[in-house]
Amino acid sequence: MRAWQADYLRAAWPSFLVALLISAIWFGLLDPAQLRLHGQMRAWPPELLYSLGFLLQWLACWGASVLTLWLLGPRPPGSGDVFEQGQPD
């Protein structure tokens, strides 16, 4: 496995924990059984909405983590990266 793939997979665990916290807060304030779409109640089971909500939050957190890792990824030496060690020329 390449190093960058391992970094992206390592981002899954912290994003899981953040999504867990967000889900606890979000579903503590929102009751899925009371959701309305176009003024009508939906007959979806609350467990399905909890699961889908958590999955979407987890994917959003993981996507943000992967994007951050990609943006701050390794740059070639001498590319003028602001995080590069050493004295400026």
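The values are calculated or read from the model by the stated rules, or taken from the named source; none is laboratory data. Here the structure is a predicted model, which means the values were calculated and not measured. Reconstructed Cβ throughout: ideal geometry from the backbone, glycine too, with neighbour counts over all protein chains shown.
Quick rundown of the values:
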{"read-out": "Residue tally, condition over 23 Å from the mean Cα position of the chain (by Cα) and surrounded by 12 or more Cβ atoms within 10 Å (Cβ to Cβ), over the range 34-62", "value": "3"}
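To keep it simple, each residue is scored yes or no on (1) at pLDDT below 80; (2) charged (D, E, K, R).
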site: LEU17; (1), (2): no, no
site: ALA33; (1), (2): yes, no
site: GLU47; (1), (2): no, yes
site: SER51; (1), (2): no, no
site: LEU69; (1), (2): no, no
site: GLY86; (1), (2): yes, no
